[in-house]
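Q: Let me give you the structure first, and then I'll get to my questions.
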Amino acid sequence: MAFWSAFFLLWGPGRRGVMRNLEAIKPGSWSVANFFRCYRVFWNYAWTIADTVRFKETRTMPDWEFSGWRQVEEIQSRGGAILLTAHMGSYDLGAHIFAETSAHHLVMVRAPETDAQTREFEEAHRAAGLRIEFSAQSGELALDLLHAVTSGGVVAIQGDRVTEGISALPATLFGRPAQIPAGPFALAMAARVPIFPVFVVRRGRRRYQVVVREPIEIVRSANRDEDFGRAVRRWTTELESVIGSKWYQWFAFEPFSPEPAA
């Protein structure tokens, strides 16, 4: 695993993206130090991919522990909730585990898989209680997700990166301007359901921790922008807290903030 992970360092755009993000997470850090930190990010990424494939093909379950069990019980008892997560640890594996152990139907929203063979593998090994929707299908997707949440289902969305064609909200992350997907917050407001920040963190060889934080409630007022702004600030605070200590598991291979003006 360590040998093959080194080949990711030859991937110029991904390596530069990780190093740019590390400059913000660790201000004042040296470029040479961030280069070796970049390798640690790729090494953890390779392990999470291997663990996910192993689970899907052989049903070998990793060891799990939970932080925030009270919030987990609340999600299980109420249904009708949004899980807002990040590209950290094995978020894909976490969704499958949740779908197989929960009484509620789970809808996972993700970017479309471009590789045909990978897409076919994902479909063949999808958990029975898991439905996958692609963020590119923005037209009818909003109504489908609203119906799923108001019917007691749980929707899992990644909230740390904005892809092309996705509406965004302005945010500040590690002191730098950033954009956060607007969809989860608009859905929570329309459905009147809470947002639970959830992170799946790799703790060691085939060991993971699910971190569930206090829910974010979007309280409606006459000023919609301020309502969203308060919720986004709560989310970025949680995001910074986890990424700051677990930077080696944030698999963001593109800079989250634009280049500063010269």
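The values are calculated or read from the model by the stated rules, or taken from the named source; none is laboratory data. Given the structure is predicted, the values throughout are model-derived calculations rather than measurements. In this analysis, Cβ positions are derived from the backbone assuming ideal geometry, glycine residues included, and neighbour counts consider all displayed protein chains. All accessible areas refer to the heavy atoms of the entire protein, side chains included, with ligands and DNA or RNA removed. Shrake-Rupley method; radii C 1.70, N 1.55, O 1.52, S 1.80 Å.
Q: Can you name the residue in the range 2-46 that is open to solvent by 40 Å² or more (accessible area, probe 1.4 Å) and hydroxyl-bearing (S, T, Y) and, of all such residues, is farthest from F251 (Cα to Cα)?
A: Ranking the candidates gives S31 first.
Q: Please identify the pairs in which a residue from the range 203-220 that is touching a residue at least 24 places away in the same chain (Cβ under 8 Å) has its Cβ atom under 8 Å from the Cβ atom of a residue that is of a type in the set (D, E) and in a strand (DSSP E or B), counting only partners at least 6 apart or on another chain.
A: Between residues of the range 203-220 that are touching a residue at least 24 places away in the same chain (Cβ under 8 Å) and residues that are of a type in the set (D, E) and in a strand (DSSP E or B), the close pairs are R203/E65; R206/D63; R207/D63; R207/E65; Y208/D63; Y208/E65; Q209/E65; V210/E65.
Q: I want to confirm something. Restricting to the range 186-243 and keeping residues that are surrounded by 16 or more Cβ atoms within 10 Å (Cβ to Cβ) and of a type in the set (S, T, N, Q), which single residue is modelled with the lowest pLDDT?
A: Q209
Q: For the range 149-167, enumerate the residues that are in contact with a Gly (Cβ under 9 Å, 6 or more places away or on another chain) and open to solvent by less than 70 Å² (accessible area, probe 1.4 Å).
A: Of everything in the range 149-167, those that are in contact with a Gly (Cβ under 9 Å, 6 or more places away or on another chain) and open to solvent by less than 70 Å² (accessible area, probe 1.4 Å) turn out to be V149, G152, G153, V154, A156, I157, G159, I166.
Q: To continue, here is another question. Restricting to the range 47-103, count the residues that are touching a helix residue (DSSP H, G or I) at 6+ places or on another chain (Cβ under 8 Å) and part of a loop (DSSP other than H, G, I, E, B).
A: Going through the range 47-103 one residue at a time, the tally reaches 9.
Q: When you go through F7, F35, F3, F42 one by one, which is the residue that is within 21 Å of the chain's Cα centre (by Cα) and of a type outside the set (S, T, Y)?
A: F42
Q: Go through (1) hydrophobic (A, V, I, L, M, F, W, C); (2) crowded, with 19+ Cβ neighbours inside 10 Å; (3) within 17 Å of the chain's Cα centre (by Cα) for I49 and report which single condition fails.
A: So the condition that I49 fails would be (2).
Q: Then there's this: Report, by residue number, each residue of the range 169-185 that is open to solvent by less than 40 Å² (accessible area, probe 1.4 Å) and in a strand (DSSP E or B).
A: Correct list: L169, A171, L173, A178, I180, P181.
Q: Tally the residues that are assigned to a loop (DSSP other than H, G, I, E, B) and either under 15 Å from V232 (Cβ atoms) or touching a His at 6+ places or on another chain (Cβ under 9 Å) (or both), restricting the search to the range 150-166.
A: At the first step, the residues of the range 150-166 found to be assigned to a loop (DSSP other than H, G, I, E, B) are 151-153, 159-166.
From what's left, either under 15 Å from V232 (Cβ atoms) or touching a His at 6+ places or on another chain (Cβ under 9 Å) (or both): 151-153, 159-162, 166.
So the count comes out to 8.
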